[in-house]
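K.L.:
Questions regarding the structure given below will be posed in turn.
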Amino acid sequence: MPRDAISTTSLPFPLAARGKVRDVYDVGGGRLLIVATDRLSAFDVVMTEPIPWKGEVLTQATAWWLPRLADVARNHLVAVDPDAIVDAVPGLAGTRETWSRRAMLVHRTTPFPVECVVRGYLSGSAWQEYRASGTLAGEPLPSGLVESTRLEEPIFSPATKAEAGHDENITFDEVARQLGPATADELRRRSLAIYSRGREIAETAGIIIADTKFEFGRLPDGRILLIDEVLTPDSSRFWPRESYVPGGPQPSLDKQPVRDYLEQLTASGAWDKAPPPPPLPADVVEATSLRYRDLFRRLAGVEVDRFSADIAAGAE
Ligand SMILES: Nc1ncnc2c1ncn2[C@@H]1O[C@H](COP(=O)(O)OP(=O)(O)OP(=O)(O)O)[C@@H](O)[C@H]1O
Ligand SMILES: [Mg+2]
């Protein structure tokens, strides 16, 4: 079923931020409207072509997870149901077509400048670090582990939130220096608890969450909330459980078609992984759109356009 893809939005509220994927509006009353567009970034470069359904999948996946994690993590969500959003912010009624199903109304926080990465499997930059030095986030791991090994104890492996370019891995001690030991400890504790719950739930759906990134922010009253997107294909590395074999890289369930296409261009010298992005062929866009929708169905057991977060939350 086609859905018009959106690259950028222009709502009648002040823009608080425009990230690689999200347009964030200050809608007053200490709240933000976070609109997930259909922009896709790969190798930290935002592609020109939007991916149909992607924004809706990211928002609805977050909405699917939050009630399942509510007892381990207080979060920023105020409303995701479009009627509830309009009730809370009547000024959004006229632009509903643009943001409906891709937007969340949330409590505005001051985000901590740390990406709270948790790794349950040895992959990506963690595998690179381990191979080079036998450590992960600066801490030694047992020797002889192979790529994609499951780590019995998931590991908190924070990174800086770079304003531009690639995030950089940092040690826990660096987080403690930046935020104070009590806050650093709190973010680590919560990140590990959310990941462990998420990993367990995803496994029952045949999905391995190899690693993921959380963000936290502080309310004006001092409380810490889980913010941003949660356990989505953009913030996590998802692998199909049925094909999991440690000892090498695993196929991923998300932007793999785009990454494969771009790697091909890079190998032939046609692109250097820096802006401007190359155009994506229509079949790569379509394959990627399908992957996002398939992933949602695998996780939630229902097509994304049939899913209603409020019903699912109420049914539990
Ligand atoms: N409750 C919240 N309060 C304040 N900021 C939030 C909240 N939830 C999410 N954000 C911020 O909204 C932005 C979402 O945009 P997007 O995901 O496109 O950013 P990004 O490209 O990942 O860039 P960034 O490096 O800024 O995260 C992020 O900067 C995130 O920190
Ligand atoms: Mg983000």
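K.L.:
Of these, THR110, THR135, which one is without any contact (Cβ under 8 Å) to a residue 24 or more places away in the chain, β-branched (Val, Ile, Thr) and surrounded by fewer than 16 Cβ atoms within 10 Å (Cβ to Cβ)?
P.N.:
THR135
K.L.:
Of all strands (runs of 3 or more DSSP E) completely enclosed by segment 68-157, which ones contain at least 1 residues that are within 30 Å of THR8 (Cα to Cα), more than 16 Å from ligand 2 (Cβ to nearest atom) and of a type in the set (Gly, Ala, Ser)?
P.N.:
Where strands (runs of 3 or more DSSP E) fall fully within segment 68-157 and carry at least 1 residues being within 30 Å of THR8 (Cα to Cα), more than 16 Å from ligand 2 (Cβ to nearest atom) and of a type in the set (Gly, Ala, Ser), they are 77-79.
K.L.:
Return the residues of segment 86-104 that are within 16 Å of ligand 1 (Cβ to nearest atom) and either surrounded by fewer than 22 Cβ atoms within 10 Å (Cβ to Cβ) or hydroxyl-bearing (Ser, Thr, Tyr) (or both); say none if nothing qualifies. Steps first, answer last, please.
P.N.:
Keep residues of segment 86-104 that are within 16 Å of ligand 1 (Cβ to nearest atom), which gives 88-89, 99, 102-104.
Answer for segment 86-104, where residues must be within 16 Å of ligand 1 (Cβ to nearest atom) and either surrounded by fewer than 22 Cβ atoms within 10 Å (Cβ to Cβ) or hydroxyl-bearing (Ser, Thr, Tyr) (or both): ALA88, VAL89.
K.L.:
Cβ-Cβ distance below 9 Å, separation of 6 or more or different chains: which pairs start in segment 206-234 with a residue that is at pLDDT below 95 and end on one that is outside any loop (DSSP other than H, G, I, E, B)?
P.N.:
Listed pairs, sorted by first residue: none to list.
K.L.:
Follow-up question, since we're still on this one. Give the number of residues within segment 53-66 that are within 12 Å of ligand 2 (Cβ to nearest atom) and in contact with a strand residue (DSSP E or B) (Cβ under 6 Å, 6 or more places away or on another chain).
P.N.:
Qualifying residue count for the region: 1.
K.L.:
Please go through segment 53-76 and pick out each residue that is more than 15 Å from the chain's Cα centre (by Cα) and without any contact (Cβ under 8 Å) to a residue 60 or more places away in the chain.
P.N.:
Selection gives ALA70, ASP71.
K.L.:
Output the number of the condition that GLU316 fails; it satisfies all remaining conditions of (1) in a loop (DSSP other than H, G, I, E, B); (2) within 19 Å of VAL45 (Cα to Cα); (3) at pLDDT below 95.
P.N.:
Result: GLU316 fails condition (2) only.
K.L.:
Looking at the structure I just gave you, is PRO277 assigned to a loop (DSSP other than H, G, I, E, B) and within 16 Å of ligand 1 (Cβ to nearest atom)?
P.N.:
When the stated conditions are applied, PRO277 passes them.
K.L.:
Taking interchain pairs and intrachain pairs at least six residues apart, which have beta carbon atoms under 9 angstrom, with the first residue in segment 283-299 and in contact (Cβ under 8 Å) with a residue 60 or more places away in the chain and under 15 Å from SER236 (Cα atoms) and the second in a helix (DSSP H, G or I) and charged (D, E, K, R)?
P.N.:
TYR292/LYS54; TYR292/GLU56; PHE296/GLU56
K.L.:
A follow-up question, please. What strands (runs of 3 or more DSSP E) lie completely within segment 2-52 and have 2 or more residues being away from ligand 2 (no atom under 16 Å from the Cβ), more than 15 Å from the chain's Cα centre (by Cα) and under 22 Å from TYR292 (Cα atoms)?
P.N.:
none
K.L.:
Can you confirm whether segment 83-100 contains a residue that is under 18 Å from the mean Cα position of the chain (by Cα) and either closer than 20 Å to SER236 by Cβ or free of Cβ contacts under 8 Å to residues at least 12 places away in the same chain (or both)?
P.N.:
For segment 83-100, residues under 18 Å from the mean Cα position of the chain (by Cα) and either closer than 20 Å to SER236 by Cβ or free of Cβ contacts under 8 Å to residues at least 12 places away in the same chain (or both): absent.
K.L.:
Consider LYS161 carefully, then state whether it is surrounded by fewer than 16 Cβ atoms within 10 Å (Cβ to Cβ) and under 15 Å from the mean Cα position of the chain (by Cα).
P.N.:
Yes, satisfied.
K.L.:
Of all residues in segment 24-35, which are surrounded by 22 or more Cβ atoms within 10 Å (Cβ to Cβ) and near ligand 1 (Cβ under 8 Å from one of its atoms)?
P.N.:
Those that are surrounded by 22 or more Cβ atoms within 10 Å (Cβ to Cβ) and near ligand 1 (Cβ under 8 Å from one of its atoms): LEU32, ILE34.
The values are calculated or read from the model by the stated rules, or taken from the named source; none is laboratory data. Quick caveat, the model's predicted, so the values are computed rather than measured. Using ideal geometry, Cβ is built from the backbone for each residue, glycine included, and neighbour counts are taken over all protein chains shown.
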